[in-house]
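Okay, structure first, notes after.
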Amino acid sequence: MPLTPIALPGADLAFDSAWLGPARADALFARLLAGVEWRTHRIRMFGREVDSPRRSCWIGDPGAGYRYSGARFEPHPWPRALLPLRARLRDEVGVDFNSVLANLYRDGSDRMGWHSDDEPELGPRPCIASVSLGAARRFLLKHREGGERLAVELPHGSLLLMRGDTQRHYRHALPATARPLGPRINLTFRRVAVDR
Ligand SMILES: O=C(O)CCC(=O)C(=O)O
Ligand SMILES: [Mn+2]
């Protein structure tokens, strides 16, 4: 399937609902579910530190760390299963992503609140490649000032690209759902400034 633009004013989105075929997506999901060191990260909400409502793992090249609450965290090394995806994204998207935030949503109650991926180490107009595996979930975008909103269903094997001014103009979220759902893994490939 080709990457197809999604029209949304002030954003730059492209989507492929079947970037990975079912067999590849199934194999990758099983390997990541069993092989990634899933942890509950602590996040800051309304000035307090709380457990994030999902499991996560930061993966990347040495030095491609992320900053949180004044500390810098070193990423986990790349699992072998992710290297072909990194290479394919380099070819098809033209970005050499040096890190991935992997998130595991155990069921419909795991979620991610409204935010932008606008950390300074991502640069002013980051390209973020989001690969989804497992249970399909609804991904929401809403403009920071205007009324524009968008909901996209992200199925098993899909790829969503967020580029240009998307993070500057929009927040996004993955809401909880009461539907009985199995686990979902999301991989957001990013290119962060390396400080060494
Ligand atoms: O799970 C998703 O689809 C979104 C994840 C996300 O926004 C993030 O990792 O920053
Ligand atoms: Mn995000």
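Every number in this text was worked out from the coordinates using simple rules, so none of it is lab data. On a predicted model such as this, the values are computed, not experimentally measured, just so you know. Methodologically, a virtual Cβ is constructed for each residue, glycine included, from the backbone with ideal geometry; neighbour enumeration extends over all protein chains shown.
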(request) Using a/c under 1.5 as the rounded threshold, could you call the stretch 143-184 rounded, prolate or oblate? The axes a ≥ b ≥ c are square roots of the C-alpha gyration tensor eigenvalues, and prolate needs a/b larger than b/c, oblate otherwise. (result) oblate
(message) Springs between alpha-carbon pairs under 10 angstrom, Gaussian network model over the chain: which of Gly182, Gly146, Gly134 fluctuates most?
(response) Gly146
(message) For the ranges 44-52, 162-170, what's the packing order if you count other beta-carbon atoms within 10 Å of each residue, average per peptide, and put the highest first?
(response) 162-170, 44-52
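Helix-only estimate, please: 222 nm mean residue ellipticity of the chain, summing -39500 (n - 2.57) across DSSP H runs of length 4 or more and dividing by its residues, to the nearest 500.
Values: 3 runs with 29 residues, N = 196.
The per-residue figure over the chain is -4500 deg cm²/dmol.
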(message) Can you tell me how the chain classifies by the Cα gyration tensor, rounded, prolate or oblate, using a/c under 1.5 as the rounded cut?
(response) rounded
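For the stretch 98-192, what is the charge dipole size about the Cα centre, in debye to the nearest 20, if Lys and Arg each add +1 at the Cβ and Asp and Glu each add -1 at the Cβ?
Dipole of the stretch 98-192, to the nearest 20 debye: 160 debye.
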(request) Could you give the size of the charge dipole of the chain about its Cα centre, using +1 on the Cβ of each K and R and -1 on the Cβ of each D and E, expressed in debye and rounded to the nearest 20? (result) 400 debye
(message) With the cut-off at 1.5 for a/c, could you classify the stretch 73-129 from its C-alpha gyration tensor as rounded, prolate or oblate?
(response) oblate
(request) Normalise the Cα radius of gyration of the stretch 16-114 by 2.2 N^0.38 Å (N = residues in it) and let me know the number. (result) 1.19
(message) So the label point goes 7 Å from the Cα of Glu37 along Cα→C-beta, right? Which residues of the stretch 158-187 then have their backbone N under 20 Å from it?
(response) 186-187
(request) Considering the options Gly65, Pro155, Ala30, tell which one lies farthest towards the positive end of the dipole of the chain, charges being +1 on Lys and Arg and -1 on Asp and Glu at the Cβ, about the Cα centre. (result) Ala30
(request) Would you calculate the separation in nanometres between label points at Asp117 and Arg138, each defined as 7 Å from the Cα along the Cα-to-beta-carbon direction? (result) 2.2 nm
